[in-house]
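Quick notes on the structure that follows.
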Amino acid sequence: MSVTKLRRFLSVNKGDTKRGRAFESDEPGQEEGNQSVQSIRNTLSSQMAKSKRNGSWFRLSRLERGIVSLSLSLKVTFESSQLAKALVSVLKRLAELSDAVYAHLVAGSKLAGAFAEAAVSWGNLSANAWKHDRSYALFLGRFIAGVKGHP
């Protein structure tokens, strides 16, 4: 379900108190569950704040940002396995985007692949191993970052 469809569903069903409270727990025995839900919310909000500060939040897609924002603003209990998987994948992507070494490795691996293909076309058949050499890719990524001022 897309974010806009979810918003429409919520705005249509605002008057329906039974549906609006479907994700809330009024039972006193659910105190421990409420604490775990609160810790998940705290983790999500702190990761969102950190990623906004370092700029990686804005490199996420609108759908990924919407998933995190809606899960923080709505009273959900995170019982859905699909929601949990989506949140974990977004948090992993945030961690990857915010990590400078990862950014260097990604940029360097693209360049290492291009260099390897060029070297193979020139006759150096052992240059295919350059594509999979992490140290070489990291060196190239850091070199590019120093030259161009990349992150």
query: Where residues in segment 72-103 are free of Cβ contacts under 8 Å to residues at least 24 places away in the same chain and of a type in the set (Lys, Arg), which of them is nearest to Thr43 (Cα to Cα)?
result: Lys92
- prompt: If Val106 passes every condition in (1) part of a helix (DSSP H, G or I); (2) in contact (Cβ under 8 Å) with a residue 12 or more places away in the chain; (3) over 17 Å from the mean Cα position of the chain (by Cα) but one, which one does it miss?
  reply: (3)
message: Show the residue pairs meeting these rules: Cβ distance below 9 Å; 6+ apart or different chains; first residue within segment 55-71 and surrounded by fewer than 18 Cβ atoms within 10 Å (Cβ to Cβ); second residue not in a helix (DSSP H, G or I).
response: Gly55/Pro151; Leu63/Ser2; Gly66/Ser2; Leu70/Val76
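Bear in mind these aren't lab numbers, they're just calculated from the coordinates by the rules spelled out. Worth saying up front: this structure is predicted, and the values here are computed from it rather than measured. Cβ coordinates were reconstructed from backbone atoms using ideal geometry, including for glycine residues, and neighbour counts include every protein chain displayed.
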